[in-house]
Each structure stands twice: as C-alpha cells, then as structure tokens.
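Bear in mind that the values in this text are calculations on the coordinates, not laboratory data. In this text the structure is predicted, and so the values were computed from the model without any measurement. Cβ placement follows ideal geometry from the backbone for every residue including glycine, while neighbour counts extend to all protein chains displayed.
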Amino acid sequence: MSDCTRTVDDIKTFLQCWKGYDSQQTASFYDVWAKTYEEDSEKINYRAPNLVVDFLNANYPTSNRGDVQVLDVACGSGLVAKLMLELGFKHFVGVDGSKNMLDLATATGYYKDLRLAVLGTEPLPAESGTYDVVVIVGALRHEHIPVSIIRELCQAAKPGGYVCMSRVDPNSELGDKYKECMEKELRLMEEEGLWSCVTNEEMKNYMIDVSNKQEDKFLVGTMYLYRKSLK
Ligand SMILES: C[S@@+](CC[C@H](N)C(=O)[O-])C[C@H]1O[C@@H](n2cnc3c(N)ncnc32)[C@H](O)[C@@H]1O
C-alpha cells in the first residue's frame, strides 16, 4: 500500500540520501522508492517525461509511428512509454537497473520485453543497430548513469535512427561537471561522424529542486535529439 500522506518536504528528506551513491546503490534506492515513485513524482512536479515526449513529438517524423521500435532506457515504471503510446508509438523494450521499477513497468503491459541491468557497471542489454528511437529520461545525471552510456545508446539505434536524451542540472558543482562531460562526449561523437544533432531545447520546469529545503524552486535541464549516421 502506498503512503499518500507524504508531503513535498517528506519527499525532499527521503531523496537526500542518494547523495554520493554509485550506480548500484542508486538502483537499489529505486527498489525502495518504487512503492511511491509515481505519487511522489506528481507531488514534486516531475515533468521530464511530458517535456521529453512533447519534444520528441515535435521533432520526430509523423508517419509510421506504429511500426517504430523504441528502446526506453531507465524506463522506470513506464511513464515515458505511457505518453508515447498516446502519440501512436506501440513497440517498446525497456531497460532499468531496479527490479522493483521493472515490476511496475511489467504491470503496465506496455513493453514487449524488459531487461534488468545496472548501466555503467553492466553493458546496455540491447542489440546493435536495432531501434528506430532510443529514449532516456531522468537518468543522465550524477549518481545514476555515467556519460559512457551515450555511445551505447547510439550503438543500439538503427542507422538513421534517433536518440532522444534529457539531462537535469542539479544545483551543485557535481551537476555542472556531468553537463560538461556529457556535452564534450556529444561533440566528440559528432566529430567522429557517429551522429548529428537534430535539435536541443532547454527544460525550464524539470521538477522541484528537492535539494532546496527552504523553497519550491524548479530545476532546469536540457533535451537533445540526435540522428545516427546512415553509414
Ligand atoms: C527518475 S527515474 C526515471 C524513470 C522514467 N524514465 C521516468 O521518466 O519516469 C530514474 C530511473 O533510472 C533508473 N536507474 C538509475 N540508475 C541506473 C543505472 N545505473 N542503470 C539502470 N537504471 C538506472 C532507476 O532505477 C529509475 O527507474
């Protein structure tokens, strides 16, 4: 039974504990959070899935969405697939490091396959050159998935396929370092001819800054859409 009485302050306190966690510890943390993840996400105004899916919708070709193979990395409970289904996407494979989050995703019935892997310590369990769209929301940040995953996302996409990513900028020095490192990798991969940037956009209201105990300020972030090279 979930605890519907949790306040935003309770959630802020709860989310303090993952500071300094490695990827494995964070995945275990989500095993605990799974029970209240969706209710808590609503309370802290976690808008990333809506913002990213709107961004993808605005920039992805409109035809044949029903045939598109989607890899939803760090799929969590399935919030991204839920929104993509409403836009006509139908075929989803999900990956996540938390068994309990994957159980929630299984219960939705949206996914034809769900795979457990703690990324950063295990390789992305996805066939190379297979997916028309690879999407990752809410997990490119410190204590979650290291920047090295980005090459694997590109590898999983078909030639000409799309990779849609979002990154939140926590109000900390750590966040800035992640951003720097991610943008360097994106540029490098473009220089190597692996893909090209279709567009990117700032996210103004990603979610309430849970590290700020005094006020309910919003965090910002960035969404990126890349297209894998055809060669
Ligand atoms: C904020 S949730 C986002 C879930 C979903 N994409 C959404 O937007 O609702 C982050 C997800 O990333 C997963 N995660 C965090 N670190 C991970 C890692 N190293 N490998 C795989 N999954 C990870 C968590 O288990 C969790 O489900």
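Candidates 199, 211, 97 compared by Cα position along the dipole of the chain: farthest toward the positive end lies 199, with charges placed on Cβ. Here the Karplus relation 6.51 cos²θ - 1.76 cosθ + 1.60, evaluated at θ = phi - 60°, turns the backbone of the stretch 110-115 into coupling constants of 7, 9, 7, 8, 10, 10 Hz, with x for every Gly and Pro. Between residue 127 and residue 39, the C-beta separation translates, for a Förster distance of 35 Å, into a calculated FRET efficiency of about 0.50. Applying the Karplus relation 6.51 cos²θ - 1.76 cosθ + 1.60 with θ = phi - 60° to the stretch 218-231 yields 3J(HN,Hα) values of 9, 7, 10, x, 9, 10, 10, 10, 10, 10, 5, 5, 7, 6 Hz, where x marks Gly and Pro.
Could you tell me which GluC sites (Glu not before Pro) in the stretch 195-224 are loop residues by DSSP with no more than 12 other beta carbons within 10 angstrom of their beta carbon?
When the GluC sites (Glu not before Pro) of the stretch 195-224 are filtered for loop state and at most 12 Cβ neighbours within 10 Å, 215 remain.
Karplus-derived 3J(HN,Hα) values for the stretch 83-93, using 6.51 cos²θ - 1.76 cosθ + 1.60 with θ = phi - 60°, are 6, 5, 4, 5, 9, x, 6, 10, 10, 10, 10 Hz; glycine and proline are entered as x. With R₀ fixed at 35 Å, the C-beta to C-beta distance from residue 90 to residue 214 puts the FRET efficiency at about 0.20. Looking at the square roots a ≥ b ≥ c of the eigenvalues of the Cα gyration tensor of the stretch 15-152, which shape do they give, rounded for a/c under 1.5, prolate if a/b is larger than b/c, or oblate? Taking the square roots of the gyration eigenvalues as a ≥ b ≥ c, the stretch 15-152 is prolate.
Given R₀ = 30 Å, FRET efficiency for residue 22-residue 116 by Cβ-Cβ distance, to 0.05?
That pair, residue 22 with residue 116, gives E of 0.95.
Would you mind classifying the stretch 91-231 by shape? Square roots of the alpha carbon gyration tensor eigenvalues, ordered a ≥ b ≥ c; an a/c under 1.5 is rounded, otherwise it is prolate if a/b is larger than b/c and oblate if not. It is oblate, given that a/c is not under 1.5 and a/b is not larger than b/c. Amide H to amide H distances under 5 Å link residue 207 with 47, 219, where only residues 5 or more positions off or on other chains count and H is placed in the peptide plane. Here the chain is treated with +1 on each Lys and Arg Cβ and -1 on each Asp and Glu Cβ, and its dipole about the Cα centre works out to around 400 debye. For residue 158, the residues 5 or more places off, or on other chains, whose built amide H falls under 5 Å of its own are 130, 131, 132.
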